[in-house]
Every structure is written in structure tokens, then in C-alpha cells.
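The values are calculated or read from the model by the stated rules, or taken from the named source; none is laboratory data. Since the model is a prediction, treat every value here as computed from it, not as a measurement. Here the Cβ is made from the backbone with ideal geometry for all residues, glycine too, and neighbour counts use every protein chain on show.
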Amino acid sequence: MISFIQKRTAFYGISGVFLLISVLSPFFFPLNLGIDMTGGVQIEYTMSGWNVDEAVKNAKAIALELKKEVLFSGQTVVNDVTAYRITGQDIFVVEAGFTRIEGMNEANMETIKTQFKNQITNKISNAQLSRYINIGEAFGAYIKNTAYLTLVLVILMISLYIAFAFRWSIENMASWPFAVVTGISLIHDVVIAFGLYVITSFFFPEFKIDTFFITAMLTVLGYSINDTIVVMDRIRSNIREHGAKKMGGFGQLINTSIVDTLTRSIFTSMTVVIVIVVMFFFGPETLKGFMLALIFGTMVGTYSSVCIAAPLLYDISGSKK
């Protein structure tokens, strides 16, 4: 039987390397932000009697050409373009993100957006403009600020709840170590999943950091805490039923608890990953980034629940006692 407690230093080292890479990733790999973060336009077209997939390729090629032509003071304004089909419908969407250049005011930005919409609509044949959405910079800034606040509040509230749920459940043992371990493992999962996604989105620009990504990170928190709680509750159960001394000490008790729940954690994670992978390859194009973030988060969350959270509880609770 593998000793997760004895090998915890190696696990901490692995996590430390990934955390360092994740924290530094935005400095080496520019964030590939979606239009709901930077501001931009979303133009929807309806077709009938034509090959929609071919129209999508044509529309993206046109948008990429316009990207080079849309300038302000000699600088490119459009930062990214993409085109995709609405699954099951004869509808496709063209999205373009816009960057505010120094000296550009709101009126200039709106004029450029309108010109971009008109030019691409005139060049796309056999399609009818059905919807036009203009997303401003203020909305993107609001989303980013809200995302940071939401993630912090979720981690804080989950940790406080764990402290409340484990209060007085173990004789002569405080509940705050469970809360601290939970908070650290959740931060660990979000930061590493974020870093892996940032690096991936740099090499594969179709994966954007947008509201879907933020939703995925919140989902990761919910899944990760579910897996961590199973391990923590098993530790509590073994302490109540057997006691640390009878099981060879607190370290051995924690190790036994991890092993008791290991099969369950692996099977649950694999089931979730299989579903997500299937949806990633065969689901809607717009959800691929969301699914990729969930894949990263699920794998990291499973690892932290087994290899980080429980061993960390051993260190925080007093490994010498």
C-alpha cells in the first residue's frame, strides 16, 4: 500500500512546480480573452439552401482579411475573429474582438464596429443578417471584476461551511484545519487549471478566456470540494470508530482513509472525464473551451483531494502529536 503521508513532500513539490508555472503563465503567454472580456461584436447570419459549413469557412476568411484592413492611427483594432455554426440550424455566427487604441474615443470605436459589420455583411453572399450584438468594454471589465470576487467568495464560504460542518465532530480536535485544507486545495485547483488553460489557449487560439471559462472554474470548485469532503469525512469516521492510536498513529489513519476512498475517487473522476471528453469532441463548438477547462479542473481536483488535501491535514493538525 502506497504511503501518501511519507511521499507527501514529493506531491507538494509536483504541485509547487505546477503552481509556479500557472502563476507565471500570464506573463509569458498573453491571455487569449473572448469578446465578452475585451468588448466586440457578434454577428449572426441565417442561410437557406446553401452549405452552411462552407459559408462558415468563407466568413472566417473574410473576417481575417478585414482584420488587417480595420485600422486606427495605423494600428490594428480587431484583436481576434472566429466563426462557427449553431448546431442543428442553418445559422452561423461571426465574432470579433476589438482593442481600444490610444487616442480612440467611444464614438470612434462604435464607428469602426459598424463599418466592420457592414463590410463583412456585404462580402458574405447567400446569407441574411439576423442579429447583431455589440459588447462594450465596460461589460468586459464588469465580468472580470465579478469573476475575481465570485471565486474568492465561493472559496471563503465553502471553507467556512466546512469549519461549521466539522465542529465538535472529533473530540479534542478543532475543525479549522479542515477548513484551511479545503481552502488551500480549492485555490490549488483553480490556479493550476487556469494556468494549464492559459498555456493551451496560447497554442490553440480557439480556446478563449470568457464567461464559459469562468463558469467552468466555479464548476471545478464544486466538483473538487465534493471529492475532498469524501476523504475528510472518511478521516473523521476512522478517528471516531477506531482512534489514531489503534490505527498506528494519525499519519497511518489518514493514509488508510485515503486508500479507503481512492477507488471511489478514481472511478468517479473517470466517469466524469469520459462524459466531458465525449462532449468536447462531439458537442457544440462554442462549449469546447468550457469542456477543456472542466477536464483540467477534474484531473487537478482529483489529484489535490488525494495527494494534497489529506497529507496537508496531517501537517496542519500537528504531525508530531
Scan region 123-138 for residues that are surrounded by 16 or more Cβ atoms within 10 Å (Cβ to Cβ) and either without any contact (Cβ under 8 Å) to a residue 60 or more places away in the chain or within 23 Å of the chain's Cα centre (by Cα) (or both) and report the count. 2
Which of the following residues is in the same structural domain as D210 (by TED's automatic domain parsing), at pLDDT 90 or above and assigned to a helix (DSSP H, G or I): L149, L153? L153
Which one of I101, I120 is buried (at least 16 other Cβ atoms within 10 Å of the Cβ), over 26 Å from the mean Cα position of the chain (by Cα) and outside any helix (DSSP H, G or I)? I101
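So which residues in region 162-214 are polar (S, T, N, Q) and closer than 17 Å to V300 by Cβ, if there are any at all?
To start, the set of residues in region 162-214 that are polar (S, T, N, Q) comprises 169, 172, 175, 182, 185, 200-201, 211.
T182, S185, T200, S201 - these are the residues of region 162-214 that are polar (S, T, N, Q) and closer than 17 Å to V300 by Cβ.
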If the Cβ limit is 6 Å and pairs must be 6+ apart or interchain, which residue in region 264-290 that is buried (at least 17 other Cβ atoms within 10 Å of the Cβ) pairs with which residue that is of a type in the set (G, A, S) and assigned to a helix (DSSP H, G or I)? F290/A216
If I go through region 105-120 residue by residue, how many of them are over 22 Å from D36 (Cβ atoms) and in contact (Cβ under 8 Å) with a residue 40 or more places away in the chain? 1
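Matching residues to (1) over 18 Å from M47 (Cβ atoms); (2) of a type in the set (D, E); (3) in contact with a helix residue (DSSP H, G or I) (Cβ under 8 Å, 6 or more places away or on another chain):
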position: L66; (1), (2), (3): yes, no, yes
position: F72; (1), (2), (3): yes, no, yes
position: T76; (1), (2), (3): yes, no, yes
position: V81; (1), (2), (3): yes, no, yes
position: G88; (1), (2), (3): no, no, no
position: A96; (1), (2), (3): yes, no, yes
position: E102; (1), (2), (3): yes, yes, no
position: A107; (1), (2), (3): yes, no, no
position: N118; (1), (2), (3): yes, no, no
